[in-house]
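The values are calculated or read from the model by the stated rules, or taken from the named source; none is laboratory data. None of the values given here were measured: they were computed from a predicted structure. Positions of Cβ are generated from backbone atoms using ideal geometry, with glycine treated the same way; all protein chains shown enter the neighbour counts.
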Amino acid sequence: VSKDIELEQWRLSWSQMDEAAYDFAEPKWTVAFKAGLAAQSRRRLWGMLAPVMTTAVIGGYLLLRATRSASWLNIASAIEGGLFIGVVWTGCLWLARATWKPLSESTAAFLDLAIRRAKANLATARLGLSLLSGQLVVGTLIEWIASHSSQHIFTYVTSSPFVVWQWAAIPTYVLWLFWYGRRHRNNLQRLFELRRQLLGRTGPLS
Amino acid sequence: VPADPQSALEARLQRLLSANQAALRRMVASYVRSPEDQKDLQQEIALAVWRSLPGFRGDCSEKTFLLRIAHNRCLTFLQSHKWSVSLEGSRLDPQDRQPHAEDRALREEEKEGLLQAVRDLPLIYREIMLLALEGLDYREISEVVGISESNVGARLSRARQQLRQVLEVRREQRY
């Protein structure tokens, strides 16, 4: 066997060796990553039902109460409730911009989308704390002015179990926010690291 | 046709990897035996190619470009694992249980014998031999490994000699 024929024979055996090759076409993690984000998109759409229903129920109730009995308290509550709902929706939609779908079908675009969503989730949770606190302050003031103005404001907020329970919601929310923020910050770090490994990019999103 | 540069890049990457997946698989199997390590290494190669592809200006063939990256990743992988790659699960494919399984098993054994023999070569010969087996010429091998063409020729000659000896020993052991 001449040397070249020998090498050709080896090459032939070598080339036939692996017919069931591992699929290099697209790394499996990118397929799973994209599928996970697509599922998250579907959940986000379904998740819109809850705020829509809440808006309809609370807004509808306040509006109905104000039209049936046009007292100062009911009208003020309806206006305040309407404004609150408007601020919540404006804030949430503003923060959710560019988080609905990737800008292209590339893995990098999906990765950017995941980072945008994680950032938006963190910002939404922080906005929630401001809105909850604001709503409690304004709602309590309206309730106090309308029905309990004879009492000192401090006496009112500490005497009514309902109001006390409302205020107790804030530390609970802060605790939840701490847990939620930590989880999403870890997720964000993981995504940044993934992007650095994948694209060598650490700067702002494209 | 992908509209944005990133999608175009990914399409190019997938085409490149798909066209050469068998060669990459063989190269990885030549360096790493455990299927788990092989999968990790394959993923690392895919990522490395992804990162390097935008800088590829066509100064060599795509296959050479790909194998150069794969070769570097394989060596880095070996270094990072301190050469302690697992000896378990060294078969490329499970045993065939179909009709004519014995004939096919014998052919598979011969092919796998070649893989085992390549694996047994010292690293400086192994890297040259497996690139030669993939059909690269001296110039392309020198581009991948980063040595002169005359050095490639000398190493390949010794690699062939050693491979022949190893295969003969294996053949004798079998019969």
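Go through B:Phe65, B:Phe56 for me and flag whichever is more than 18 Å from B:Tyr125 (Cα to Cα), surrounded by fewer than 16 Cβ atoms within 10 Å (Cβ to Cβ), at pLDDT 85 or above and not aliphatic (A, V, I, L, M).
Values: B:Phe65 fails: surrounded by fewer than 16 Cβ atoms within 10 Å (Cβ to Cβ).
Of the residues listed, the single one that is more than 18 Å from B:Tyr125 (Cα to Cα), surrounded by fewer than 16 Cβ atoms within 10 Å (Cβ to Cβ), at pLDDT 85 or above and not aliphatic (A, V, I, L, M) is B:Phe56.
Cβ-Cβ below 9 Å, separation at least six or inter-chain, first residue in segment B:2-27 and on the phi > 0 side of the Ramachandran plot, second outside any helix (DSSP H, G or I) and of a type in the set (Val, Ile, Thr): which pairs?
Correct list of pairs: empty, since none qualify.
The rows are residues; the columns are (1) over 23 Å from A:Arg42 (Cα atoms); (2) at pLDDT below 80; (3) over 20 Å from the mean Cα position of the chain (by Cα); (4) not acidic (Asp, Glu).
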| residue | (1), (2), (3), (4) |
| --- | --- |
| A:Lys101 | no, no, no, yes |
| A:Ile115 | no, no, no, yes |
| A:Ala125 | no, no, no, yes |
| A:Ser133 | yes, no, no, yes |
| A:Ser150 | yes, yes, yes, yes |
| A:Ile153 | yes, yes, yes, yes |
| A:Trp176 | yes, no, no, yes |
| A:Glu193 | yes, yes, yes, no |
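Can you tell me which residue in segment B:143-175 is modelled with the highest pLDDT, limited to those that are surrounded by fewer than 12 Cβ atoms within 10 Å (Cβ to Cβ) and closer than 19 Å to B:Arg68 by Cβ?
B:Ser148
Please determine whether any residue of segment A:38-59 is part of a helix (DSSP H, G or I) and over 25 Å from the mean Cα position of the chain (by Cα). Break it down into steps so the answer makes sense when it comes.
Keep residues of segment A:38-59 that are part of a helix (DSSP H, G or I), which gives A:38-47, A:49-59.
The next check asks that each one be over 25 Å from the mean Cα position of the chain (by Cα); those that pass are none.
No, segment A:38-59 contains no residue that is part of a helix (DSSP H, G or I) and over 25 Å from the mean Cα position of the chain (by Cα).
Looking only at segment B:131-175, which residues are outside any helix (DSSP H, G or I) and more than 27 Å from B:Ala19 (Cα to Cα)? Working first, answer last.
If we filter segment B:131-175 for residues that are outside any helix (DSSP H, G or I), which is where we start, we get B:134-137, B:146-148, B:175.
B:Ser148, B:Tyr175 - these are the residues of segment B:131-175 that are outside any helix (DSSP H, G or I) and more than 27 Å from B:Ala19 (Cα to Cα).
Given the residues A:Glu80, A:Glu26, which is the only one that is modelled with pLDDT of 85 or more, acidic (Asp, Glu) and surrounded by 11 or more Cβ atoms within 10 Å (Cβ to Cβ)? Show your work before the answer.
Working: A:Glu26 fails: modelled with pLDDT of 85 or more.
Just a single option satisfies the conditions, and that option is A:Glu80.
Give me the helices (runs of 4 or more DSSP H) completely within segment A:91-201, filtered to those with at least 3 residues that are among the β-branched types (Val, Ile, Thr), within 14 Å of chain B (Cβ to nearest Cβ) and loosely packed, with under 15 Cβ neighbours inside 10 Å, ordered by residue number. First the steps, then the outcome.
On the way: elements: A:107-147, A:153-159, A:161-199.
Because the criterion is at least 3 residues that are among the β-branched types (Val, Ile, Thr), within 14 Å of chain B (Cβ to nearest Cβ) and loosely packed, with under 15 Cβ neighbours inside 10 Å, no helices (runs of 4 or more DSSP H) in segment A:91-201 meet it.
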